[in-house]
Ligand code: FAD
């Protein structure tokens, strides 16, 4: 029986945990270890899988409720906040929206008990142009055979659930469209699908406790029951499955905004503590104006992100609409990089040293205009929508949708 937590309970818990996580964030960054201890605590507190409906054991929390929790944690530990995004949005929300009852019953407890599902789209030759992926899933009787190569997959090796996007081929190699394929890997239970290999781990500049890895698929067999088949059919299905990604984008934007909010708070304190020329830094108008702009950027980002989360209430997909999510993510992430940079500047040399969290926050926040749709691609989507010009843009014009 699930204990039902109110939004206030979730928020109070997050605040308490964030304080605890602030003491260890440096340690995970330096050791590059996945923060299993934080995962355990977040799972015990009911923060993993908050968006999962109550009938499947979750809290049935709204995206807005979850964003408030994510911001709170991101102010202190962006690594833990990323785990929250991926256990409440992205892959798991795609499964909850488009999966079968069996898939939901299978995945929900895994996530609630601490898993952060991996969402696997990007390939070495298909980054922003995601639909140019070459991973294939070929139908063979009542199963699919997966072959291909993904890279930069968040949580590769630590995640238990992998939602892998691949080009679907029928038994005669006819291309049907793009579908999602679920793989379950749990080495503690001896579950290690044949042909599925977690490859090289990237050495990243920030968010260092999170593995970003290659994944290799060599004739991995996937039962039909583990296919996340879009309702609109494979041909148009990628766009449908990707509506779930709009929630992930709002979540990622919120981590960036949360890091910026944490940096602004630290800068404000420092301006009052540090004296130069016989006065606290807080008395210098040049710095006051910077602080005011930082505060405005964080506030505007928060409003846009919350507005995007609320658009899920009226959108037909039940996810934030594409336009609000894309707009909020590029705005919040670009502003967050500037805000954290300005906060670091206010700390002078101290900000540049690794004893200050600002140095880590500066490295962490940099990722968010890249992963989950780059700022340029999101701006292209927004402009395309405003101008009535479809995306993707390809060399000969605009790709035709059929
Ligand atoms: P490219 O597509 O090669 O783009 C290079 C540059 O060109 C970028 O600045 C881009 O904005 C710009 N550009 C490209 N096309 C256009 C255009 N048409 N107009 C204007 N500018 C353009 N992927 C997953 O599938 N799962 C994950 O879990 C995941 N996690 C990630 C975690 C991290 C830390 C990072 C850094 C990446 C992650 N990614 C993941 C991959 C991420 O989604 C891609 O990096 C992103 O989509 C961009 O692809 P790319 O890096 O190949 O850049």
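Just a few scattered comments:
- The single residue among 218, 307, 295, 225 that is assigned by TED's automatic domain parsing to the domain that holds residue 142, surrounded by fewer than 22 Cβ atoms within 10 Å (Cβ to Cβ) and part of a helix (DSSP H, G or I) turns out to be 225.
- Verdict on residue 108 being outside any strand (DSSP E or B), more than 15 Å from the ligand (Cβ to nearest atom) and within 25 Å of residue 235 (Cβ to Cβ): no
- Of all residues in segment 21-44, those that are surrounded by fewer than 16 Cβ atoms within 10 Å (Cβ to Cβ) and more than 21 Å from residue 363 (Cα to Cα) total 4.
- Residue in segment 337-357 that is in a helix (DSSP H, G or I) and within 15 Å of the ligand (Cβ to nearest atom) present: yes
- Selected residue [over 23 Å from residue 248 (Cβ atoms), at pLDDT 95 or above and in contact with a helix residue (DSSP H, G or I) (Cβ under 6 Å, 6 or more places away or on another chain)] from 330, 347, 352, 368: 347
- Residue in segment 246-253 that is over 30 Å from residue 330 (Cα atoms), crowded, with 22+ Cβ neighbours inside 10 Å, touching a residue at least 24 places away in the same chain (Cβ under 8 Å) and within 16 Å of the ligand (Cβ to nearest atom) present: no
- Among (1) more than 14 Å from the ligand (Cβ to nearest atom); (2) surrounded by 18 or more Cβ atoms within 10 Å (Cβ to Cβ); (3) free of Cβ contacts under 8 Å to residues at least 40 places away in the same chain, the one test that residue 123 misses: (1)
- Any hit, segment 313-321, residues being in a helix (DSSP H, G or I), farther than 24 Å from residue 235 by Cα, outside the structural domain of residue 202 (by TED's automatic domain parsing) and within 14 Å of the ligand (Cβ to nearest atom): no
The values are calculated or read from the model by the stated rules, or taken from the named source; none is laboratory data. Quick caveat, the model's predicted, so the values are computed rather than measured. Virtual Cβ from ideal backbone geometry, glycine too; neighbours counted across all protein chains shown.
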